[in-house]
Amino acid sequence: MTTLAHYLNTNANSPALNDVITTVTGVGKTISQLLRKGALADILGEAGNQNVQGEEQKKLDVLANDLLLDALAKNTHCAGVASEELDDATPANADGSLLVLFDPLDGSSNIDINMAVGTIFSILPYQRQGQLSENSDFLQAGNQQLAAGYLLYGTSTVLALTIANNVVMFSLDPDTNDYILIEDNVQIDADTSEYAINASNYRYWRAPMQQYIDELIAGEAGVRGRDFNTRWVAAMVGDVHRILCRGGLFTYPFDTKYANKAGKLRLMYEANPMSLLIERAGGGATDAVNRILDIEPTDIHQRVPVVLGSKNEVAYIKDLHVKHAGQ
């Protein structure tokens, strides 16, 4: 059996990267234990305040955020930490060479109903060693990520990780408390008949996305000539995990529901790390037209539309948007 520690020592090619990933996944073990205890650990319900996104925070949102922030701040290789839950990035160790961004508990609305949630993380290089990090240091395109991954807390705790050109998966062994390698080269089929989307927002979508979903619903009788199935976990980490396991498409497209938001998902904490995983597993990831990993961020809490998964479906959606724009 290959443990995470052995894999990192063999493949990370960077003691700093190795150490930071070990810190994040170590906190993941604690979060996993808390989730297993559920109400017995007093982690259910609202925390009584909102995050920077204006969303009500769950108790475990706050706890997971604090656990990650404290652990990474103590890591000498970490120059700064940015969390989806906090207004500004937190400077850590000026001599560190890495920056870490995270969504401490993606899908936290699922906690109280005992459904899947997860932790998403992204690691970037730090260019100004010797100086305290600032928000602007994090504003790097996703193609600059040195590593990315997520921890899915479901029926078992699973780590999906990319540090080179491939994607690997580990499962947390409850007996040894070690992450054990279960898949060493995750690949996504180019075609799929499964998609995930919040259909309740249909009336707010742009015309090409409405057309796309109409075509899928029409199934065998429509222009696509085959039936499609809908799956929706209400946690991006769960939907992306399903795609890495068996293919599919996930999208949270541009909509007009909120005039000041281009999309629901955050570029730095969700779209970039998930896009890196998906692309390295052979899939595609766009904002419907443009490659997500090439987007130059302007704010650490920037939002973007997201279309990712099996590459032929991602390309099909892009074609619909391009044709519509040319009409």
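Please report the antiparallel percentage of the DSSP beta bridges confined to the chain, to the nearest 5.
So the antiparallel bridges in the chain amount to around 85 percent.
Could you sort out which of Lys37/Lys264; Lys59/Lys257; Lys29/Lys59; Lys37/Lys59 sit more than 23 Å apart by Cα distance in this structure?
Violating the 23 Å Cα-Cα cut-off are Lys37/Lys264; Lys59/Lys257.
How would you classify region 186-242 from its alpha-carbon gyration tensor, with a ≥ b ≥ c the square roots of the eigenvalues: rounded for a/c under 1.5, else prolate if a/b is greater than b/c, otherwise oblate?
In terms of gyration-tensor shape, oblate.
Which label marks the calculated value of Cα extents along the principal axes in Å, given the options [x] 57, 42, 42; [y] 68, 52, 42; [z] 70, 39, 30?
The value computed from this structure is option [x].
How long are the three semi-axes of the equivalent ellipsoid for region 194-325, computed from the Cα gyration tensor as the root of 5 times each eigenvalue, in whole Å, largest first?
So the three semi-axes of region 194-325 are 22, 17, 14 Å.
Quote the convex hull volume per residue of region 284-327, based on C-alpha atoms, as a whole number of Å³.
That works out to 73 Å³ per residue.
Looking at the square roots a ≥ b ≥ c of the eigenvalues of the Cα gyration tensor of region 63-193, which shape do they give, rounded for a/c under 1.5, prolate if a/b is larger than b/c, or oblate?
Prolate.
Pairs of Cα atoms under 8 Å, at least six residues apart: use those to get the relative contact order of the chain, whole percent.
Normalised by residue count, the contact order of the chain is 15 percent.
In the calculated pair distance distribution of region 122-199, what percentage of Cα-Cα distances lie above 14 Å?
The share of Cα pairs beyond 14 Å in region 122-199 comes to 74 percent.
Evaluate the charge dipole of the chain about its Cα centre and quote only its size in Debye, nearest 20, assuming +1 on the Cβ of each Lys and Arg and -1 on the Cβ of each Asp and Glu.
Charge dipole, the chain, about its Cα centre: 540 debye, nearest 20.
Show me the three semi-axes of the equivalent ellipsoid for region 99-151, from the C-alpha gyration tensor (sqrt of 5 times each eigenvalue), largest first, rounded to whole Å.
Largest first, region 99-151 gives 29, 11, 8 Å.
Please report, in debye to the nearest 20, how large the charge dipole of region 194-325 is about its Cα centre when each Lys and Arg carries +1 at its beta carbon and each Asp and Glu carries -1 there.
The dipole of region 194-325 has a size of about 140 debye.
What percentages, rounded to whole numbers, describe P(r) for region 128-260 computed over all alpha carbon pairs with 10 Å bin width beginning at zero?
Reading upward from the zero bin: 10, 28, 29, 25, 7, 1, 0.
Name the shape class, rounded, prolate or oblate, that the alpha-carbon gyration tensor gives for region 123-166, where a ≥ b ≥ c are the square roots of its eigenvalues, rounded holds for a/c under 1.5, and otherwise prolate holds if a/b is larger than b/c and oblate otherwise.
Note, shape of region 123-166 comes out prolate.
Throughout, read-outs are computed from the coordinates displayed, never taken from laboratory work. As the structure is a prediction and not an experimental result, all values here were calculated from the model. A quick note on method: Cβ atoms are made from the backbone with ideal geometry, for glycine too, and the neighbour counts reach across all protein chains shown.
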